[in-house]
Amino acid sequence: MIKLIGILIIIVGLAIKLDTIAVVVIAGVVTGLVSGMPFNEIVTTLGKAFVTNRYMTIFIISLPVIGLLERYGLRERAAYLIGKIKSATVGRLTSLYLIIRTVAAIFGLRLGGHVQFIRPLILPMAQGAAENRYGKMDDEDVEAVKGLEGAVENYGNFFGQNGFVAAGGVLLIVGVLKEQKIVLEAIDVAKASIPIAIIILIVGALQFLYFDRKFDKKYKDKISSQSDMSKNV
Amino acid sequence: MLKNSLTEILYILIGIVCFYTVYKTLKDKNHPSKIGTALFWGILGVIFTFSRIGLVWGNKDIFINDTLVGYMVLVLAALSAFKLVKFNKFDESSSEFKKKMSGVIGNKIFVPALVLAVVAFMVAQFWTKQLGSLVALGISAVLALVCAFAITKGKTSEMAEDTRRLLEMVGPMSMLPQILAALGSVFAAAGVGTVIADGIKFVIPQGNILFGVIAYCVGMALFTMIMGNAFAAFAVITAGIGMPFVFTQGANPAVASALALTAGYCGTLMTPMAANFNIVPAAILDIKDRKYGVIKYQLPVAIVMLIIHIVLMYVWAF
């Protein structure tokens, strides 16, 4: 049981917001010590694993091209394209962003972020769409729109990213399984991650469109005064 | 072996990025933590470039020994712990310039990004045996960069500065996966996985695939919720639950492991411990309920996704 102390150290260390890297290293050293490993052997194990797992940090190789593209307005162009989209409802707009975000993640692009995309672009568009359709909403629903826009970024990011061969998660999987003597190719892990990326598109869209229906029902008096063009499915 | 020496050359390129960061840090007169930052990236650069340098020309005997690397890793951890790794300002393009250029260049700006992904995929697909996924990525990164220079007409000095900016913004956290793998390695040597597995054996019968899959997926989600980090959970839970209850029962390793990690992400959606995904955005989006304002909308989706993970792993991995 005492060997589990490392896990305890990680849980407590991260809970009280100590430096993640330091907490993990200390957890490793303490676990080794209580298990009777000599200090030098622990350090050697750490060093060896660090060297053989250098490929986990291979994403650095893609930074020059991404940095250069960002300097010349990659994000601004994406924002411009998304801004041109006219979508009548919160649910549809958010679903569309989920698709774009997820597909971009599969291509290894971080075309997203709460700071870079949601706050300046997607949230105002969703709020605009809601205001057009429902007029002034209750506080509760205003918060719901914000919450959903916060969530969509996470959905696309989490479940799309492993579709990219050099994603941190993919390389972590390859590395951890290698320590367990199972040899995997990154590309096979990336391919195996595609179905879940497609599933989140469906599950996420269902949630967003559900809120469309909910809002439509609640504010139906206000919609009826406007055109029926954008009736929901 | 061509694959090994090309991979080693990739690491040297990464080392060069680290060394460039050191150079710019030392030249910066107003840097808030000059020595600590330079030391951090310098050590990382040395490990990347020289730890197996002999492999470039196929000589296995020229390397830095693992114990020495281990001590260097301890120094890196200490520098990170005492918050000595910082960055100052970068020479970044202004937002007006970005706006203007995005209009001038237009949609062509996406071409290098597509080259990066598509070439990496194609090379990895056709030459997996000869080159492997990593070298494929290296090749695609070089091609995409050439393409990016052609389209943006940018300067190499700009590229160097932007690379350093992106690396320094991630900072010490960029080596978290590597550190976690090292932790997993110590856990394995110390037999931590066996302890967890022995504990779980009391709860679920070994040899039952469905129970194994449920334990792996739910274990990933729960541990991620507690730790706030799916990567850390993956190293621990794969050794403790994944190996004895899923992989040794004949699961397809790529499928089961890929689903296990995203099952962990379902946990990330449900925990305030993952502050940078759930709490910070609530603040950025000005949501009143800072702690659960995003989480409460993610909760139903996370639970549905977790159930789908279990079903998918059970059906598809076996």
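Just so it is clear, none of the values below were taken in a lab; they were calculated from the coordinates. Nothing here was measured: the structure is a model prediction, and the numbers come from that model. Cβ placement follows ideal geometry from the backbone for every residue including glycine, while neighbour counts extend to all protein chains displayed.
Quick check on chain B: helices-only [θ] at 222 nm, where DSSP H runs of length 4 and up contribute -39,500 (n - 2.57) each and the sum goes over total residues. Nearest 500, please.
Computed ellipticity for chain B at 222 nm equals -24000 deg cm²/dmol.
When chain B is treated as a GNM, springs tying every alpha-carbon pair under 10 Å, which of B:VAL104, B:VAL255, B:VAL56 comes out with the largest mean-square fluctuation?
B:VAL104
With an 8 Å cut-off on Cα pairs and a minimum separation of 6 or more residues, tell me the relative contact order of chain A in percent.
In percent, rounded to a whole number, it is 21.
Suppose every K and R has +1 on its Cβ and every D and E has -1 on its Cβ; what is the size of the dipole of the protein assembly as shown about the Cα centre, in Debye to the nearest 20?
It works out to roughly 880 debye.
So which lysines pass the test for B:LYS3, namely a Cα distance under 29 Å, with those fewer than 8 places away in the same chain ruled out?
The reachable lysines, counting only those whose Cα sits under 29 Å from B:LYS3, are A:LYS48, A:LYS178, A:LYS181, A:LYS191, B:LYS60, B:LYS129.
Helix-only mean residue ellipticity at 222 nm, chain A, DSSP H runs n ≥ 4 weighted -39,500 (n - 2.57), per residue, nearest 500. What is it? Don't skip to the end; give the middle numbers.
Working: 12 runs with 161 residues, N = 233.
Per the formula, -22000 deg cm²/dmol.
Which angle between 0 and 90 degrees, to the nearest 10, do you get for helix A:74-84 versus the longest principal axis of chain A when only C-alpha atoms count?
Once rounded, one gets 30 degrees.
What is the helix-to-structure angle for B:128-152, meaning the angle in degrees between its Cα long axis and the longest Cα principal axis of chain B, kept from 0 to 90 and rounded to the nearest 10?
40
Quantify how strongly other chains surround peptide A:195-208 by giving the mean number of their Cβ atoms within 10 Å of each of its Cβ atoms.
Across the residues of A:195-208, the mean count of other-chain Cβ atoms within 10 Å is 4.
Picking from A:ARG110, A:ARG77, A:ARG92, which is most flexible by a Gaussian network model of chain A using Cα springs under 10 Å?
Looking only at A:ARG110, A:ARG77, A:ARG92, the largest GNM fluctuation is found for A:ARG77.
Considering only C-alpha atoms, what is the centroid distance from the range A:1-66 to the range B:136-213, in Å?
Here the answer is 13 Å between Cα centres.
Summarise the partner chain shielding of B:202-211 as one whole number: the mean count of Cβ atoms from other chains within 10 Å of each residue's Cβ. Can you show the working numbers first?
Details: counts 0, 0, 0, 0, 0, 0, 0, 0, 0, 0.
That average works out to 0.
Peptide A:103-116: average number of partner chain Cβ atoms within 10 Å per residue?
What the average comes to for A:103-116 is 3.
Under a Cβ-Cβ cut-off of 13 Å, what is the net charge of the residues other than B:GLY58 that fall near it, where Lys and Arg count +1 and Asp and Glu count -1? Mind showing how you got there, number by number?
Values: positive: B:LYS3, B:ARG52, B:LYS60; negative: B:GLU8, B:ASP61.
Counting the neighbours of B:GLY58, the net charge comes to +1.
Scan the range B:91-178 for GluC sites (Glu not before Pro) in coil per DSSP, keeping those whose Cβ has at most 15 other Cβ atoms within 10 Å, and list them by number.
B:GLU92
Select from the range B:22-77 those trypsin sites (Lys or Arg not before Pro) which occupy a DSSP coil region and have at most 12 other Cβ atoms within 10 Å, ordered by residue number.
B:LYS29, B:LYS60
Go ahead and set up a Gaussian network model of chain A, Cα springs under 10 Å, then flag whichever of A:SER193, A:SER95, A:SER35 fluctuates most.
Looking only at A:SER193, A:SER95, A:SER35, the largest GNM fluctuation is found for A:SER35.
Quick one: net charge around B:GLY36, please, counting Lys, Arg +1 and Asp, Glu -1 for every other residue with C-beta under 10 Å from its C-beta.
Value of the local net charge: +3.
Taking loop as defined by DSSP and a crowding limit of 13 other beta carbons within 10 Å, which trypsin sites (Lys or Arg not before Pro) in the range B:63-150 fit?
Those that pass, being in a loop and sparsely packed, are B:LYS83, B:LYS89.
What residue among A:MET1, A:ALA15, A:ILE61 has its Cα farthest toward the positive end of the dipole of the range A:1-102, where the charges are +1 on Lys, Arg and -1 on Asp, Glu, each on the Cβ?
Projecting each Cα onto the dipole axis, the largest value belongs to A:ILE61.
Of B:TRP41, B:PHE126, B:TYR71, which is farthest towards the positive pole of the range B:1-142's charge dipole, taken about the Cα centre with +1 and -1 on the beta-carbons of Lys, Arg and Asp, Glu respectively?
B:TRP41
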